[in-house]
Structures are given as structure tokens and as C-alpha cells.
1. What residue, among those in the stretch 37-70 that are within 15 Å of VAL116 (Cα to Cα) and among the polar types (S, T, N, Q), is surrounded by the most Cβ atoms within 10 Å (Cβ to Cβ)?
2. Filter the stretch 1-50 down to the residues that are over 26 Å from LYS96 (Cβ atoms) and touching a Ser or Thr at 6+ places or on another chain (Cβ under 9 Å), then identify the one that is modelled with the highest pLDDT.
3. Only one of (1) buried (at least 20 other Cβ atoms within 10 Å of the Cβ); (2) under 14 Å from GLY55 (Cβ atoms) is not met by LEU173, so which one is it?
4. Could you go through the stretch 37-50 and let me know if any residue there is basic (Lys, Arg), outside the structural domain of LEU168 (by TED's automatic domain parsing) and either over 29 Å from ILE177 (Cα atoms) or touching a residue at least 12 places away in the same chain (Cβ under 8 Å) (or both).
5. Could you grab me the full set of residues in the stretch 96-106 that are in contact (Cβ under 8 Å) with a residue 40 or more places away in the chain and farther than 20 Å from ASN15 by Cα?
6. Within the stretch 106-119, work out how many residues are modelled with pLDDT of 95 or more, more than 20 Å from SER154 (Cα to Cα) and not in a helix (DSSP H, G or I).
7. Only one residue in TYR155, TYR130, TYR111, TYR141 is of a type in the set (Ser, Thr, Tyr) and surrounded by fewer than 17 Cβ atoms within 10 Å (Cβ to Cβ), so which one is that?
8. When you scan the stretch 120-191 for helices (runs of 4 or more DSSP H) that lie fully inside it, which ones turn up with 1 or more residues that are outside the structural domain of LEU110 (by TED's automatic domain parsing) and touching a Ser or Thr at 6+ places or on another chain (Cβ under 7 Å)?
Amino acid sequence: MSGSVIKNIIFDLGNTLVYFDYCYFYDGVARLEKKVYAGKIRNYFIDNKFDIKIGSNRINIKQAFRILKKKFGLRISYADFYFLYCDIFWENTLMKNFLENRLLDSGYKLYMLSNVDAAHINFIDNNFPYVKHIKKRVLSYKVKSVKPQKKIYSYLIEKHKLVPEETLFIDDLKANILAARTHKLHTIHYTSHKKFLREFNRLVKTK
């Protein structure tokens, strides 16, 4: 596939276009509750795969609040809980600059493929306007499938009629990269921006 010309670029969202850390959420709830340890919330959240359940729309954030409220006897309001759940992101300035300065007027077709729920994507669009440049999106909560499940990749490729050999997929998780390769997509595992730029320049040099 090395001789193919890249025409389409698919971005992951979390820890690619924007950074995030759920620890801000766990710590925030614990700080307001005082009697609830962040580690216990974290373990319960992870053990019960809340991120996957919410991301695939099996439950919504309000239902998650009710479950956690009952489990831990939370006294905070839903509004506070919702804000803390959303306020876990920060700008990837290097990727923002790369997107705006190199890609927007380049002729590449840009896409987003993300494990995300309605609350998070709305927060991101409102707080990180550069993400809104990518308008063609397949979001897990809308299609009820998450990476690295095959369904969500197939849906993206079919919906946008992508030629895999002309398409680059960028993601921070190795499992998602490996799944993309089974669909014959070019891939970059996003672990550092410097490494990303080096691999991107190698892949797109024929364009």
C-alpha cells in the first residue's frame, strides 16, 4: 500500500485531537463529596465499563449518575456531576495547529471516528472550536458500536464510500489501530506529535 496516494484522513478524538483524563472527573466528584474516595469511583467506573456503555448508548449520562448516586450515596447535584463528567478535556495545541495550518486547505477529506457520547462531543465542540472543522463524523453513541468493533469501521467506510488504500486512520490506542488495519486502512498510532509528523510526512509524500 506504500505507493497509494492518501486522499482521506480519519481522526480519533480523545488523546488525538484533544487530550482527556477521566481522573479529573473522579477527583472532582470525590472533592465535592469528601467521604467518597476517587479511587473507588474510578474502579467501579472501569470495572463496570461505564465508558463503553455510555459510548455505545447502552446507558446515558443521566442513568450513569443515578447508578453511581445509589452505589456511593452521592449528594452532589446532577448539574455538578454532568459538568465534572465533561470537564476532563484540554487542547492538543500541536494537533490544532497541524489541522488548521496544514490540512484545512490541503484538499484532503477529513473524518472523525470516535468512541464518544453526546455530552462529551457537545462539550468539546463548544470549548474546542478547531474540532468542528471536521464535519464528517461517525460517533459511537449514534451507531451503537465502539472501536475496535468491526461494525463501526465498516459503517464509516461504507457511509462515506472510502477506498481503504487511499485512507489514513490516526488513533492513540493500539487495539483500534490493529482493527483498522484489518480493514486495509493506512494507520498511524498517535503516541507523540513528533513521531506522528514523521510518519505522516512519510505516508503522504506521494500526494
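The values are calculated or read from the model by the stated rules, or taken from the named source; none is laboratory data. Keep in mind the model is a prediction, meaning the values are calculated, not measured. Virtual Cβ from ideal backbone geometry, glycine too; neighbours counted across all protein chains shown.
1. SER56
2. In the first step, residues of the stretch 1-50 are kept if they are over 26 Å from LYS96 (Cβ atoms); the result is 1-4, 26, 29-50.
Among the residues that remain, those that are also touching a Ser or Thr at 6+ places or on another chain (Cβ under 9 Å) are: 2-4.
Values: SER2: 42, GLY3: 46, SER4: 61.
Restricting to residues being over 26 Å from LYS96 (Cβ atoms) and touching a Ser or Thr at 6+ places or on another chain (Cβ under 9 Å), the top hit is SER4.
3. (1)
4. Looking for residues that are basic (Lys, Arg), outside the structural domain of LEU168 (by TED's automatic domain parsing) and either over 29 Å from ILE177 (Cα atoms) or touching a residue at least 12 places away in the same chain (Cβ under 8 Å) (or both), one finds at least one in the stretch 37-50, hence yes.
5. Residues satisfying the conditions do not exist here.
6. Within the stretch 106-119, the first condition is being modelled with pLDDT of 95 or more, and the residues that meet it are 108-119.
Now narrow it down to the ones that are more than 20 Å from SER154 (Cα to Cα): 108, 118-119.
Remaining after also requiring not in a helix (DSSP H, G or I): 108.
The qualifying residues number 1.
7. Details: TYR130 fails: surrounded by fewer than 17 Cβ atoms within 10 Å (Cβ to Cβ); TYR111 fails: surrounded by fewer than 17 Cβ atoms within 10 Å (Cβ to Cβ); TYR141 fails: surrounded by fewer than 17 Cβ atoms within 10 Å (Cβ to Cβ).
None of the other options fit; the residue is TYR155.
8. Working: elements: 140-143, 150-159, 174-182.
By residue number, no helices (runs of 4 or more DSSP H) qualify.
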